[in-house]
Amino acid sequence: MRPPVFLATWLALGALFALQEYVYARSWNYHHVSFGPLLLAWEGHFLAWGIICQLIWWKLRERIQRATIKDIFLWFVPLSIIVSVLEEVIWVACFPNIPIGQHGWHYLSRLRFFLDEELATNLVIFWIVFFLFRGMGYYQRLCEQEFTALRLESELVNAQLRALRMQLNPHFLFNTMNSISSLMRFNIETADQMLEQMSSMLRMTLDRGEAKLIPLSEEIEFIQMYLSIQQMRFESKAHTYVAIDPEVLDALVPTMILQPLVENAYVHGVARSRGEKFLGVEAQNQHGQLRICVRNSGRGLSDGASSERNGHGVGISNVKTRLELHYGDHQRFTLQEFPDGEVQAILLLPLGFSPRLTGNNLASHSYENQSSHSG
């Protein structure tokens, strides 16, 4: 309803009606009728209607949208007659030279002639505009309701995500602090190193604030610190590695989505396995999707399932719920078990990128944890 666009639409209608009348006159061999006066008259007619309707929109749109049947008959029916007559009064006064069959007619005769010819058309125009404005009101309210519903849904999802992160962080902190407490009795130096690493991780977490999606490179940096803590926590001789395709370094992932998977792999897999131990994190572009795989040695899924029943499955259920909230059905999370006890947790996510340039986030794309070594 911007006035220039609205009025231009009315002027376009005037041009179409003028062209129609001109073609009609030519078809009946009225060669004395020229296009210029017809165009001027019709443009004036529809411009007057455009101005009147713009005024109605500014002053009466709320009343039109709230009008009941009683209001329509008692208020808008008389108004339609008044407006239709008023438009004709203005138009006849502005265009006294439009031929109507005889020349020299005075104003009232001309007005009476055009009212007889145009009043019904004017009433039709008024009621078309009335119901157009009423329909626009319905559409506007529908859009507002949909926007409100989407905003409420978004706020609910954000609240659920915050609750899930609050659930996850204490779980991680409790496990780490419990390990530090145990180490303080016989290995103060290692406990101090764990405290420093945990402090760095907490600082990184606070720096992220309420960010729901972060570049994969930042998540990997967080995982590197976490792997160092786990190596000290379990005094593990596990071989750990991180292999990231440079193409997906800036791919966006949910904050702290890998930490519970790595923790689950370490606690329920690496820490309980015998012989050669390993834990790896891999990521690449798989047919337009981000594929992340956390793989570890262990005893298969049976121990992990038992642990989940005993209350240690917070991380996995948290990951599944957060992925559903972030991506709905456009994601997949699977756990695979192999005959030798290896377990793989695989995420398939929509591939979206941070605007920052890739290549500046990690110095190396495929590297080993500095604290890791072969068993």
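In a fully extended conformation the segment linking S34 and M136 would gain 32.9 nm over its present Cα-Cα distance, using 0.36 nm per residue. Here K320 is the anchor, and the lysines within straight C-alpha reach of less than 23 Å, apart from those fewer than 8 places off in the same chain, are K212. Distance between the 7 Å Cα→Cβ label points at L11 and K237: 8.8 nm. Once the Cα-Cα distance is subtracted from the 0.36 nm per residue extended length, the S181 to R274 segment shows a gain of 30.9 nm.
Give the calculated FRET efficiency between H287 and K212 to the nearest 0.05, with a Förster radius of 30 Å applied to their Cβ-Cβ distance.
Taking R0 as 30 Å, the efficiency between H287 and K212 is 0.75.
Expressed in nm to one decimal, what extension gain is obtained for the pair R66 and W105 from 0.36 nm per residue of sequence separation less their Cα-Cα distance?
9.6 nm
Here each label is just a point 7 Å from Cα along the line to Cβ, and for L150 and D192 those points are 5.6 nm apart.
Any read-out appearing in this document is the output of simple, stated calculations on the displayed coordinates, not a laboratory observation. Owing to the predicted nature of the structure, the values given are computational and were not obtained by experimental measurement. For neighbour counting, all protein chains shown are included, and Cβ atoms are generated from backbone atoms with ideal geometry for every residue, glycine included.
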